[in-house]
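A quick write-up on the structure given underneath.
The values are calculated or read from the model by the stated rules, or taken from the named source; none is laboratory data. These numbers come from a predicted model, not from an experiment. Note that we place each Cβ from the backbone using ideal geometry, even for glycine, and neighbour counts take in every protein chain shown.
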């Protein structure tokens, strides 16, 4: 099983050069985020760039106060700050750009955080 995992990792590292997560990170609560970023780092090609887009704590969607907000479907999401994402990603990536963006979608505009073009650090 370990050999299969190593082969998959080797294949992934040769292929994944510009992966992204769109509206995924806000589904992962803070206590599991470090492991998530570490796993993303491990499977990327060393020359890869990476982008992550998730809800900003400044987003008015779903009402409520605080960082944890519930959707109309009952899903609980965690809304981040720019500082949180900087601290989360900077150990593994050289952050080229981190900014809050407004995205016009079908029903409601959303305010998102975008970690853009984060290039892998060579020290891991």
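For the range 16-24, the condition holds for at least one residue, the condition being that it is modelled with pLDDT of 80 or more and crowded, with 16+ Cβ neighbours inside 10 Å.
Restricting attention to the range 77-124, and to residues there that are modelled with pLDDT under 85, touching a helix residue (DSSP H, G or I) at 6+ places or on another chain (Cβ under 8 Å) and outside any loop (DSSP other than H, G, I, E, B), which single residue is nearest to residue 41 (Cα to Cα)? Let's see the steps before the verdict.
Filtering the range 77-124 down to residues modelled with pLDDT under 85 leaves 101-124.
With touching a helix residue (DSSP H, G or I) at 6+ places or on another chain (Cβ under 8 Å) added as a condition, the list becomes 113, 115, 118, 120, 124.
Checking which are outside any loop (DSSP other than H, G, I, E, B) leaves us with 113, 115, 118, 120.
Values: 113: 19, 115: 14, 118: 11, 120: 7 Å.
Of everything passing the filter in the range 77-124, 120 is nearest to residue 41 (Cα to Cα).
Can you find even one residue in the range 48-59 that is at pLDDT 70 or above, over 17 Å from residue 115 (Cβ atoms) and touching a helix residue (DSSP H, G or I) at 6+ places or on another chain (Cβ under 9 Å)?
So in the range 48-59, the residues at pLDDT 70 or above come out as 48-59.
Adding the requirement that they be over 17 Å from residue 115 (Cβ atoms) leaves none.
No, the conditions are met nowhere in the range 48-59.
Inside the range 29-56, residues that are part of a loop (DSSP other than H, G, I, E, B) and surrounded by fewer than 17 Cβ atoms within 10 Å (Cβ to Cβ) make up a count of 4.
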